[in-house]
Amino acid sequence: MDKAKTKKTVGIIVDIAMYGLLLAQMLYVFTGNTVHEVLGIGFFVCLVVHIIIKRKWYATLFNGAKKPAARKIFNISTILLMLCSIVLMVSSMGVSRLIFPWFRALGSSDLHKYLATAVLALSVFHGGMRGYIRTKKKKKAGIFIALGTIAAASVGLALVPYLNRHFKVVDISLNEAVDGEKVQLSEKPLVVYFTRVGNTDFDDDVDAVSGASLLIADGELMGSNQLLAEMIKNAADCDTKAITVTGKKYPSSYGSTVTVSLKELSNDSRPEIEPIDISGYNSVILIYPLWCGTVPMPVATFLENSDLSGKKLYLIATQGSSGFGSSTEDIRKMTEGADVEEVMSIYCDDIPYSRERLVKWLNEAFN
Ligand SMILES: Cc1cc2nc3c(=O)[nH]c(=O)nc-3n(C[C@H](O)[C@H](O)[C@H](O)COP(=O)(O)O)c2cc1C
């Protein structure tokens, strides 16, 4: 095969791989974070190869020669695609937890998801316009491009709220997740946790709507923060207490729970909860899920109802990508007089495999 032919074949393979990788990237829910990050690297490597192969053509993008309208539109879309891809690459580093954990300041999960949607739609348009310029059947090609681009943008936008929400059921063996090495602590803290299970009216077919926060442990539904509490209980023989709302429970669907919690947040609500007596403990470990960038409002109720002055408060936040948001600051404001320690943040996917990390953390915090 001569050089030009090889280059063309490689170019086609790389282009197809880029479309495939981009689509696979949108299936984060199924692939999980590690595969997503590795595929992301693959996508950007392909992008660089694509630009190297087409470098002569890219050099003509900005020359001022008079060009037909279709070519101008193609060029503008290509420049937009390049810009979005570059910003997407930077934002990928910002939201990365595995390969680039040092650039968190650049990370916005929402920006990343919308950029990915823009890159997907622009890629379809870009590929379509290449065909449009070459084909004689302009009308048919135009309709295909319009429909393809709208479909890609719609699928992307529809997926945005779910891209890193895990609707798969995480099935675990309770014993395997919880049982293990024991630790002797200098004092026994009380473990208080909030989790969706116990605070939600789940539909009977909850498996179909379950989120990352839901685990099936030995066939039983279990909140992931409850699982963390069980791990600490197993390791350090601590007492555990659940924060349980006494009024209306949260809705079964993840999306509706987000809506309710946003409303509670903007109203600064304090939902009623079952009383929790912390008087016999010098320290409390609070395990809470991050909700809308801060603590769920029933956790705020617990903190404000409890006299934590003079006690140590250790924090474990579980989250779906936003670290711990403003939760620690907010907690400090609600617990005057308490000694609030630094938070440990656990990504929701990692929860079932966190026992070892918890033991290490317990040893550091209490011994
Ligand atoms: C109403 C709601 C709001 C959430 N908001 C955020 C958020 O702002 N940032 C984030 O990273 N994760 C968010 N999450 C994801 C949870 O923090 C994560 O799934 C956590 O592991 C849930 O733990 P649980 O099962 O014990 O309730 C939210 C989850 C729910 C249900």
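No value in this document is a laboratory result; all are computed from the given coordinates. These numbers were taken from a predicted model, which means no experiment stands behind them. Here the Cβ is made from the backbone with ideal geometry for all residues, glycine too, and neighbour counts use every protein chain on show.
Inside the stretch 317-367, residues that are outside any helix (DSSP H, G or I) and either crowded, with 19+ Cβ neighbours inside 10 Å or not acidic (Asp, Glu) (or both) make up a count of 21.
The criterion of being touching a residue at least 40 places away in the same chain (Cβ under 8 Å) and more than 10 Å from the ligand (Cβ to nearest atom) holds for ASP237. Residues in the stretch 32-84 that are polar (S, T, N, Q) and without any contact (Cβ under 8 Å) to a residue 40 or more places away in the chain: THR60, ASN63, ASN75.
Filtered by the rule that a residue be more than 7 Å from the ligand (Cβ to nearest atom), closer than 13 Å to TYR288 by Cα and touching a residue at least 60 places away in the same chain (Cβ under 8 Å), the stretch 308-329 gives TYR314, ILE316, GLY323. Every test in (1) without any contact (Cβ under 8 Å) to a residue 12 or more places away in the chain; (2) assigned to a helix (DSSP H, G or I) is passed by VAL87 save one, and that test is (1). What are the residues in the stretch 333-367 that are basic (Lys, Arg) and in contact (Cβ under 8 Å) with a residue 40 or more places away in the chain, if any? Scanning the stretch 333-367 gives a single hit, ARG355.
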